[in-house]
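The values are calculated or read from the model by the stated rules, or taken from the named source; none is laboratory data. Predicted model only: the values in this text are computed from it and were never measured. Please note: Cβ atoms are built from the backbone with ideal geometry, for glycine as well, and neighbour counts cover all protein chains shown. Just so you know, the surface numbers come from the protein's heavy atoms only, side chains and all, with ligands and any DNA or RNA stripped out. Shrake-Rupley method; radii C 1.70, N 1.55, O 1.52, S 1.80 Å.
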Amino acid sequence: MASPVPHVREVLGAAALASGPALAEGPDGALTQDEALQAAERWGLLPTGGAAGAGADSCAPTVVVLVDGLGLDQLRERRGHAPALRGLLAASEAAASAGSGPGPEAVTCRPSTTAAALTALGTGALPGATGMVGYSVRNPLLPPASAGGAPSSEDLISLISWEGRCPDPRAWQDVPTIFERLRLPDGSSAEAPLAITIGPARFAGSGLTEAGLRGAPHIGADAMEQRAGRAAEALRRGVPLVYLYVGELDHAGHAHGWRSEKWLAQLERLDALVAELQRRVPRGTRIMLTADHGMVDTDDEHRLLITDSPGLMRDVVCVAGEPRFTHLYVGGRDDAERAERASAVAERWRAELGERALWVGTRDEAGEHLGPLGERARGVTGDVLVAAAGAWVVLDPRVHTDTVLGMPGVHGSFTGAETRIPLLITRA
(Lines give C-alpha, C1' and ligand atoms only; values in the text may rest on other atoms or scores of the structure.)
Protein backbone atom coordinates (compact mmCIF):
# COMPACT_ATOMS: atom_id res chain seq x y z
CA MET A 1 0.00 0.00 0.00
CA ALA A 2 2.24 2.75 -1.31
CA SER A 3 1.75 6.23 0.12
CA PRO A 4 0.00 8.74 -2.17
CA VAL A 5 1.73 12.05 -2.74
CA PRO A 6 0.58 14.18 0.21
CA HIS A 7 -0.97 17.49 -0.77
CA VAL A 8 -0.44 18.89 2.70
CA ARG A 9 3.21 19.61 1.87
CA GLU A 10 2.14 21.86 -1.05
CA VAL A 11 -0.63 23.98 0.50
CA LEU A 12 1.34 26.70 2.26
CA GLY A 13 3.84 27.16 -0.55
CA ALA A 14 1.09 27.36 -3.18
CA ALA A 15 -0.81 29.86 -1.04
CA ALA A 16 2.31 31.96 -0.63
CA LEU A 17 2.96 32.18 -4.37
CA ALA A 18 -0.69 32.95 -5.07
CA SER A 19 -0.60 35.82 -2.58
CA GLY A 20 2.42 37.51 -4.15
CA PRO A 21 5.72 36.51 -2.47
CA ALA A 22 8.27 34.20 -4.03
CA LEU A 23 10.10 31.24 -2.46
CA ALA A 24 13.83 31.20 -2.00
CA GLU A 25 15.53 27.92 -2.86
CA GLY A 26 15.26 25.22 -0.20
CA PRO A 27 17.25 22.05 0.53
CA ASP A 28 16.74 18.72 -1.18
CA GLY A 29 13.40 17.20 -0.23
CA ALA A 30 11.71 20.54 0.49
CA LEU A 31 8.99 21.99 -1.74
CA THR A 32 10.46 23.91 -4.66
CA GLN A 33 9.00 27.05 -6.18
CA ASP A 34 8.18 25.10 -9.35
CA GLU A 35 6.31 22.46 -7.33
CA ALA A 36 4.42 25.16 -5.44
CA LEU A 37 3.56 26.87 -8.73
CA GLN A 38 2.26 23.63 -10.21
CA ALA A 39 0.06 23.07 -7.16
CA ALA A 40 -1.22 26.66 -7.31
CA GLU A 41 -2.18 26.22 -10.96
CA ARG A 42 -3.75 22.80 -10.31
CA TRP A 43 -5.95 24.29 -7.59
CA GLY A 44 -6.94 27.30 -9.69
CA LEU A 45 -4.98 29.80 -7.61
CA LEU A 46 -3.14 31.08 -10.68
CA PRO A 47 -3.92 30.93 -14.39
CA THR A 48 -2.05 28.26 -16.32
CA GLY A 49 1.41 29.64 -16.89
CA GLY A 50 0.82 32.44 -14.40
CA ALA A 51 3.88 34.08 -12.94
CA ALA A 52 3.93 33.48 -9.22
CA GLY A 53 5.38 36.31 -7.19
CA ALA A 54 5.52 38.58 -10.24
CA GLY A 55 2.43 40.71 -9.81
CA ALA A 56 0.08 38.41 -11.70
CA ASP A 57 -3.52 39.61 -11.75
CA SER A 58 -4.68 36.58 -9.81
CA CYS A 59 -2.38 37.26 -6.84
CA ALA A 60 -4.56 38.01 -3.85
CA PRO A 61 -4.14 38.16 -0.10
CA THR A 62 -4.67 34.65 1.21
CA VAL A 63 -5.81 33.13 4.50
CA VAL A 64 -4.91 29.48 5.05
CA VAL A 65 -7.23 28.02 7.70
CA LEU A 66 -5.71 24.86 9.16
CA VAL A 67 -8.31 22.86 11.10
CA ASP A 68 -6.66 20.27 13.30
CA GLY A 69 -8.54 16.97 13.10
CA LEU A 70 -11.15 17.80 10.43
CA GLY A 71 -11.09 14.88 8.00
CA LEU A 72 -13.05 15.14 4.78
CA ASP A 73 -15.10 12.08 5.74
CA GLN A 74 -16.14 13.70 9.02
CA LEU A 75 -17.04 16.97 7.30
CA ARG A 76 -19.16 15.21 4.72
CA GLU A 77 -21.03 13.22 7.36
CA ARG A 78 -21.69 16.31 9.51
CA ARG A 79 -22.14 18.92 6.79
CA GLY A 80 -25.77 19.47 7.80
CA HIS A 81 -24.56 21.32 10.90
CA ALA A 82 -22.17 23.64 9.02
CA PRO A 83 -23.92 25.81 6.40
CA ALA A 84 -20.86 27.86 5.43
CA LEU A 85 -18.63 24.80 5.03
CA ARG A 86 -21.45 22.92 3.33
CA GLY A 87 -21.66 25.66 0.73
CA LEU A 88 -17.93 25.55 0.04
CA LEU A 89 -18.00 21.77 -0.13
CA ALA A 90 -20.96 21.73 -2.54
CA ALA A 91 -19.34 24.35 -4.78
CA SER A 92 -16.09 22.38 -4.92
CA GLU A 93 -17.88 19.12 -5.68
CA ALA A 94 -19.96 20.78 -8.40
CA ALA A 95 -16.88 22.30 -10.02
CA ALA A 96 -15.16 18.94 -10.03
CA SER A 97 -18.22 17.29 -11.62
CA ALA A 98 -18.22 19.95 -14.33
CA GLY A 99 -14.51 19.48 -14.95
CA SER A 100 -13.72 23.04 -13.89
CA GLY A 101 -12.10 22.36 -10.52
CA PRO A 102 -10.01 19.81 -8.63
CA GLY A 103 -12.64 18.90 -6.04
CA PRO A 104 -12.45 19.13 -2.26
CA GLU A 105 -10.32 16.06 -1.52
CA ALA A 106 -6.67 16.31 -0.51
CA VAL A 107 -4.31 13.89 1.23
CA THR A 108 -2.18 14.38 4.31
CA CYS A 109 1.13 12.73 5.08
CA ARG A 110 1.85 9.47 6.87
CA PRO A 111 1.68 9.20 9.83
CA SER A 112 -1.56 11.16 9.95
CA THR A 113 -0.64 13.06 13.08
CA THR A 114 -0.19 16.71 13.98
CA ALA A 115 3.56 16.93 14.55
CA ALA A 116 4.28 15.24 11.22
CA ALA A 117 1.58 16.98 9.17
CA LEU A 118 1.97 20.54 10.45
CA THR A 119 5.71 20.33 9.87
CA ALA A 120 5.11 18.94 6.37
CA LEU A 121 2.79 21.87 5.70
CA GLY A 122 5.19 24.37 7.29
CA THR A 123 8.34 23.15 5.50
CA GLY A 124 7.04 21.47 2.35
CA ALA A 125 9.09 18.39 3.35
CA LEU A 126 7.97 14.89 4.34
CA PRO A 127 8.48 13.38 7.81
CA GLY A 128 11.41 11.31 6.59
CA ALA A 129 13.25 14.56 5.86
CA THR A 130 12.16 16.55 8.91
CA GLY A 131 12.46 13.81 11.53
CA MET A 132 8.94 14.61 12.76
CA VAL A 133 7.85 11.00 12.50
CA GLY A 134 5.15 10.78 15.17
CA TYR A 135 3.66 12.23 18.31
CA SER A 136 6.59 10.90 20.34
CA VAL A 137 9.91 9.18 19.73
CA ARG A 138 12.61 7.60 21.84
CA ASN A 139 14.84 10.38 23.13
CA PRO A 140 17.94 10.44 20.89
CA LEU A 141 20.01 11.81 23.78
CA LEU A 142 19.73 8.41 25.49
CA PRO A 143 22.32 5.69 24.87
CA PRO A 144 21.30 2.80 22.60
CA ALA A 145 18.56 0.63 24.08
CA SER A 146 19.77 -2.43 25.95
CA ALA A 147 18.32 -5.86 25.35
CA GLY A 148 17.06 -6.11 28.92
CA GLY A 149 15.23 -2.78 29.08
CA ALA A 150 11.49 -2.26 29.46
CA PRO A 151 9.31 0.47 27.91
CA SER A 152 8.95 3.64 30.01
CA SER A 153 7.41 7.02 29.27
CA GLU A 154 10.56 8.63 30.68
CA ASP A 155 12.47 7.46 27.61
CA LEU A 156 10.28 9.51 25.25
CA ILE A 157 10.10 13.06 24.02
CA SER A 158 6.96 14.63 22.59
CA LEU A 159 7.40 16.29 19.22
CA ILE A 160 4.44 18.51 20.13
CA SER A 161 5.52 19.90 23.50
CA TRP A 162 9.30 19.19 23.54
CA GLU A 163 9.17 19.00 27.33
CA GLY A 164 11.96 17.60 29.46
CA ARG A 165 15.51 16.79 28.42
CA CYS A 166 15.38 16.94 24.65
CA PRO A 167 17.20 18.49 21.67
CA ASP A 168 16.54 22.07 20.61
CA PRO A 169 13.62 21.91 18.12
CA ARG A 170 15.32 24.28 15.66
CA ALA A 171 18.47 22.18 15.65
CA TRP A 172 16.48 18.97 15.42
CA GLN A 173 14.29 20.12 12.53
CA ASP A 174 16.60 22.25 10.40
CA VAL A 175 14.70 22.20 7.10
CA PRO A 176 13.78 25.88 6.62
CA THR A 177 10.10 26.66 6.76
CA ILE A 178 8.07 28.21 3.96
CA PHE A 179 7.83 31.35 6.12
CA GLU A 180 11.64 31.56 6.36
CA ARG A 181 11.94 31.21 2.58
CA LEU A 182 9.47 33.96 1.61
CA ARG A 183 10.97 36.77 -0.46
CA LEU A 184 9.74 39.68 -2.50
CA PRO A 185 9.37 38.89 -6.23
CA ASP A 186 12.75 40.49 -6.97
CA GLY A 187 14.36 38.02 -4.58
CA SER A 188 15.01 40.47 -1.77
CA SER A 189 13.89 40.14 1.82
CA ALA A 190 10.94 42.20 2.97
CA GLU A 191 11.10 44.67 5.85
CA ALA A 192 7.44 44.13 6.78
CA PRO A 193 6.08 40.62 7.44
CA LEU A 194 5.10 38.68 4.33
CA ALA A 195 3.16 36.27 6.55
CA ILE A 196 1.75 36.02 10.04
CA THR A 197 0.33 33.16 12.08
CA ILE A 198 -2.78 33.33 14.27
CA GLY A 199 -3.73 30.94 17.06
CA PRO A 200 -3.53 30.51 20.83
CA ALA A 201 -0.96 32.84 22.40
CA ARG A 202 0.95 29.93 23.96
CA PHE A 203 2.01 28.77 20.50
CA ALA A 204 4.51 31.63 20.19
CA GLY A 205 7.91 30.00 20.64
CA SER A 206 6.46 26.56 21.40
CA GLY A 207 8.40 23.45 20.45
CA LEU A 208 6.25 22.55 17.47
CA THR A 209 6.19 26.16 16.24
CA GLU A 210 9.96 26.37 16.46
CA ALA A 211 10.35 23.05 14.65
CA GLY A 212 7.85 23.40 11.84
CA LEU A 213 6.23 26.85 11.62
CA ARG A 214 8.91 29.32 12.66
CA GLY A 215 9.70 32.46 10.72
CA ALA A 216 6.45 34.48 10.91
CA PRO A 217 5.21 36.76 13.70
CA HIS A 218 2.52 35.13 15.81
CA ILE A 219 -0.68 36.92 16.81
CA GLY A 220 -2.27 35.39 19.88
CA ALA A 221 -6.01 34.73 19.79
CA ASP A 222 -7.02 32.19 22.39
CA ALA A 223 -10.73 32.20 21.55
CA MET A 224 -11.72 30.87 18.15
CA GLU A 225 -14.14 33.79 17.80
CA GLN A 226 -11.24 36.28 17.90
CA ARG A 227 -9.30 34.85 14.99
CA ALA A 228 -11.32 36.11 12.01
CA GLY A 229 -10.99 39.67 13.27
CA ARG A 230 -7.24 39.27 13.79
CA ALA A 231 -6.89 37.94 10.25
CA ALA A 232 -8.91 40.80 8.75
CA GLU A 233 -6.81 43.37 10.62
CA ALA A 234 -3.55 41.85 9.36
CA LEU A 235 -4.78 41.75 5.76
CA ARG A 236 -5.80 45.42 5.93
CA ARG A 237 -2.29 46.25 7.14
CA GLY A 238 -0.99 44.71 3.91
CA VAL A 239 0.14 41.26 5.10
CA PRO A 240 -0.32 39.05 2.02
CA LEU A 241 -0.41 35.62 3.74
CA VAL A 242 -2.19 34.65 6.96
CA TYR A 243 -2.00 31.19 8.54
CA LEU A 244 -4.90 30.67 10.96
CA TYR A 245 -4.92 27.61 13.22
CA VAL A 246 -8.03 25.97 14.72
CA GLY A 247 -7.36 23.17 17.21
CA GLU A 248 -10.65 22.92 19.06
CA LEU A 249 -12.11 20.09 16.96
CA ASP A 250 -9.09 17.89 17.55
CA HIS A 251 -9.26 18.44 21.32
CA ALA A 252 -12.98 17.60 21.39
CA GLY A 253 -12.45 14.53 19.22
CA HIS A 254 -9.71 13.14 21.42
CA ALA A 255 -11.68 13.76 24.61
CA HIS A 256 -15.16 12.73 23.45
CA GLY A 257 -14.93 11.17 19.96
CA TRP A 258 -15.67 12.90 16.69
CA ARG A 259 -19.28 11.66 16.66
CA SER A 260 -19.97 13.37 19.98
CA GLU A 261 -22.13 16.42 20.59
CA LYS A 262 -19.08 18.27 21.91
CA TRP A 263 -17.20 17.71 18.66
CA LEU A 264 -20.25 18.88 16.75
CA ALA A 265 -20.38 22.05 18.84
CA GLN A 266 -16.81 22.85 17.81
CA LEU A 267 -17.67 22.21 14.16
CA GLU A 268 -20.47 24.75 14.46
CA ARG A 269 -18.02 27.27 15.99
CA LEU A 270 -15.64 26.64 13.09
CA ASP A 271 -18.46 27.20 10.62
CA ALA A 272 -19.24 30.53 12.24
CA LEU A 273 -15.55 31.47 11.98
CA VAL A 274 -15.50 30.68 8.26
CA ALA A 275 -18.66 32.74 7.69
CA GLU A 276 -17.15 35.64 9.64
CA LEU A 277 -13.93 35.45 7.64
CA GLN A 278 -15.91 35.69 4.41
CA ARG A 279 -17.69 38.79 5.73
CA ARG A 280 -14.76 40.62 7.30
CA VAL A 281 -11.66 40.11 5.15
CA PRO A 282 -11.00 42.61 2.33
CA ARG A 283 -12.89 41.91 -0.86
CA GLY A 284 -11.01 39.56 -3.16
CA THR A 285 -9.15 37.80 -0.34
CA ARG A 286 -8.68 34.11 -1.01
CA ILE A 287 -9.59 31.68 1.77
CA MET A 288 -8.15 28.15 1.75
CA LEU A 289 -9.38 25.70 4.38
CA THR A 290 -7.62 22.41 4.97
CA ALA A 291 -6.61 20.05 7.79
CA ASP A 292 -3.69 18.05 9.08
CA HIS A 293 -5.56 14.75 9.49
CA GLY A 294 -8.94 13.16 10.12
CA MET A 295 -9.98 10.91 12.99
CA VAL A 296 -11.56 7.57 13.86
CA ASP A 297 -13.46 6.63 17.00
CA THR A 298 -12.43 3.56 18.95
CA ASP A 299 -13.81 1.63 21.95
CA ASP A 300 -12.85 -0.97 24.53
CA GLU A 301 -13.35 -3.83 22.06
CA HIS A 302 -10.66 -2.42 19.78
CA ARG A 303 -7.96 -1.67 22.37
CA LEU A 304 -5.04 -4.07 22.07
CA LEU A 305 -2.77 -4.12 25.16
CA ILE A 306 0.80 -5.16 24.41
CA THR A 307 1.20 -6.34 27.97
CA ASP A 308 -1.47 -9.00 27.43
CA SER A 309 0.73 -10.78 24.89
CA PRO A 310 4.21 -12.14 25.69
CA GLY A 311 4.84 -12.47 21.96
CA LEU A 312 4.26 -8.76 21.35
CA MET A 313 6.44 -7.73 24.30
CA ARG A 314 9.38 -9.94 23.36
CA ASP A 315 12.53 -7.92 22.51
CA VAL A 316 10.61 -4.59 22.62
CA VAL A 317 12.40 -2.18 24.97
CA CYS A 318 10.66 1.09 24.04
CA VAL A 319 7.23 2.04 22.67
CA ALA A 320 6.57 5.47 21.12
CA GLY A 321 4.53 7.13 18.39
CA GLU A 322 0.80 6.94 19.06
CA PRO A 323 -1.80 4.19 19.44
CA ARG A 324 -2.67 4.26 15.72
CA PHE A 325 0.94 4.40 14.50
CA THR A 326 3.30 2.72 16.92
CA HIS A 327 7.10 2.87 16.98
CA LEU A 328 8.71 -0.20 18.53
CA TYR A 329 12.39 -0.12 19.51
CA VAL A 330 14.31 -3.32 20.09
CA GLY A 331 17.41 -3.89 22.18
CA GLY A 332 20.67 -5.42 21.11
CA ARG A 333 24.44 -5.32 21.51
CA ASP A 334 25.01 -3.72 18.10
CA ASP A 335 23.24 -2.60 14.92
CA ALA A 336 23.38 -6.05 13.35
CA GLU A 337 21.75 -7.73 16.33
CA ARG A 338 19.07 -5.01 16.56
CA ALA A 339 18.30 -5.37 12.85
CA GLU A 340 17.95 -9.14 13.17
CA ARG A 341 15.65 -8.77 16.16
CA ALA A 342 13.61 -6.06 14.43
CA SER A 343 12.90 -8.41 11.54
CA ALA A 344 11.75 -11.10 13.97
CA VAL A 345 9.60 -8.62 15.94
CA ALA A 346 7.94 -7.44 12.74
CA GLU A 347 7.11 -11.02 11.75
CA ARG A 348 5.63 -11.78 15.18
CA TRP A 349 3.50 -8.63 15.14
CA ARG A 350 2.23 -9.35 11.62
CA ALA A 351 1.26 -12.87 12.64
CA GLU A 352 -0.44 -11.87 15.90
CA LEU A 353 -2.24 -8.72 14.71
CA GLY A 354 -3.35 -10.10 11.35
CA GLU A 355 -6.10 -7.90 9.93
CA ARG A 356 -5.92 -5.59 12.94
CA ALA A 357 -2.88 -3.98 11.29
CA LEU A 358 -2.83 -2.18 7.96
CA TRP A 359 0.95 -2.35 7.76
CA VAL A 360 3.84 -3.61 9.86
CA GLY A 361 7.35 -2.83 8.68
CA THR A 362 10.91 -2.19 9.73
CA ARG A 363 12.75 1.13 9.70
CA ASP A 364 14.37 0.16 6.40
CA GLU A 365 10.88 -0.15 4.88
CA ALA A 366 9.45 3.01 6.42
CA GLY A 367 10.55 5.36 3.64
CA GLU A 368 7.71 4.00 1.50
CA HIS A 369 5.30 5.82 3.81
CA LEU A 370 7.28 8.56 5.58
CA GLY A 371 9.39 9.61 2.64
CA PRO A 372 13.11 8.74 2.35
CA LEU A 373 14.61 8.75 5.84
CA GLY A 374 17.34 11.28 6.40
CA GLU A 375 19.89 10.99 9.21
CA ARG A 376 17.72 12.61 11.90
CA ALA A 377 14.69 10.47 11.03
CA ARG A 378 16.71 7.25 10.99
CA GLY A 379 18.04 8.13 14.42
CA VAL A 380 14.60 8.24 16.05
CA THR A 381 12.25 6.15 13.93
CA GLY A 382 11.32 2.87 15.58
CA ASP A 383 13.03 -0.35 14.54
CA VAL A 384 9.51 -1.63 13.77
CA LEU A 385 6.43 0.44 12.90
CA VAL A 386 2.80 -0.62 13.17
CA ALA A 387 -0.11 1.13 11.43
CA ALA A 388 -3.44 0.04 12.91
CA ALA A 389 -6.46 -0.98 10.81
CA GLY A 390 -10.13 -0.21 11.34
CA ALA A 391 -10.73 1.23 14.80
CA TRP A 392 -7.89 -0.66 16.48
CA VAL A 393 -5.35 0.97 18.78
CA VAL A 394 -2.14 -0.48 20.22
CA LEU A 395 -1.56 0.47 23.86
CA ASP A 396 1.07 -0.09 26.51
CA PRO A 397 0.03 0.83 30.09
CA ARG A 398 3.71 1.12 31.02
CA VAL A 399 3.97 4.09 28.65
CA HIS A 400 0.50 5.47 27.97
CA THR A 401 -1.40 7.54 30.54
CA ASP A 402 -4.90 6.67 31.67
CA THR A 403 -6.18 9.45 29.42
CA VAL A 404 -4.58 7.88 26.36
CA LEU A 405 -5.64 4.38 27.36
CA GLY A 406 -9.29 5.47 27.32
CA MET A 407 -9.14 8.04 24.51
CA PRO A 408 -12.17 7.64 22.20
CA GLY A 409 -10.97 9.71 19.23
CA VAL A 410 -7.65 8.72 17.63
CA HIS A 411 -5.59 9.12 14.45
CA GLY A 412 -2.15 8.44 13.03
CA SER A 413 -2.69 5.47 10.71
CA PHE A 414 -3.23 5.21 6.96
CA THR A 415 -7.01 4.78 6.67
CA GLY A 416 -8.98 7.10 4.43
CA ALA A 417 -10.84 8.52 7.42
CA GLU A 418 -7.50 9.70 8.80
CA THR A 419 -5.66 10.68 5.60
CA ARG A 420 -8.41 12.29 3.48
CA ILE A 421 -8.58 16.00 4.28
CA PRO A 422 -10.60 18.85 2.80
CA LEU A 423 -9.13 21.55 0.59
CA LEU A 424 -11.84 24.19 0.16
CA ILE A 425 -10.98 27.38 -1.70
CA THR A 426 -13.09 30.50 -2.10
CA ARG A 427 -12.81 34.27 -2.46
CA ALA A 428 -14.46 36.79 -0.21
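For the reader, a short list of remarks on this structure follows.
- Site pair R427 and R170 shows an inter-label distance of 3.9 nm when each label is modelled 7 Å from Cα along Cα→Cβ.
- Charge dipole of the chain (Cα centre as origin; +1 on each Lys and Arg Cβ, -1 on each Asp and Glu Cβ, all else neutral): 1060 debye, rounded to the nearest 20.
- Length-normalised contact order for the chain - Cα pairs under 8 Å, 6+ apart - percent: 25
- Counted over the chain, the DSSP beta bridges are approximately 55% antiparallel.
- Residue-averaged 222 nm ellipticity for the chain, from DSSP H runs of 4+ at -39500 (n - 2.57), nearest 500: -10000 deg cm²/dmol
- Label-point gap, in nm, between D300 and E368 - each point 7 angstrom along Cα→Cβ: 3.7
- The stretch 335-428 - percent of accessible surface contributed by carbon and sulfur, probe 1.4 Å: 49
- Fully extended contour minus Cα-Cα distance, from E154 to S189, at 0.36 nm per residue: 8.3 nm
- Relative contact order for the stretch 311-401, counting Cα pairs under 8 Å that sit 6 or more residues apart, in percent: 36
- Rg then Dmax, both in Å and based on the Cα atoms of the chain: 21.3, 65.
- Theoretical gain in end-to-end length, H81 to L405 [0.36 nm per residue, Cα-Cα removed]: 113.6 nm
- Projecting the Cα atoms of S189, L159, L213 onto the charge dipole of the stretch 134-243, computed from C-beta unit charges around the Cα centre, puts S189 farthest toward the positive end.
- Think of the chain as a dipole: +1 on every Lys or Arg Cβ, -1 on every Asp or Glu Cβ, centred on the Cα centre; then among V107, A377, A94, A94 lies furthest on the positive end.
- Each residue, T32 and L142, gets one label point 7 Å from its Cα in the Cβ direction; the gap between the two is 4.0 nm.
- Student exercise, the stretch 78-183 dipole from Lys, Arg, Asp, Glu Cβ charges, in Debye to nearest 20: 300
- For D28, solvent-accessible area (1.4 Å; no DNA, RNA or ligand), Å²: 150
- Per residue, the accessible area of the chain comes to 38 Å², computed with a 1.4 Å probe over protein heavy atoms only.
- Around the Cα centre of the stretch 244-340, unit charges on the Cβ atoms of Lys, Arg, Asp and Glu (plus for the first two, minus for the last two) sum to a dipole of about 720 debye.
- The apolar share of the surface of the stretch 1-142, taken as the fraction of accessible area on carbon and sulfur atoms (1.4 Å probe, ligands and nucleic acids excluded), comes to 51 percent.
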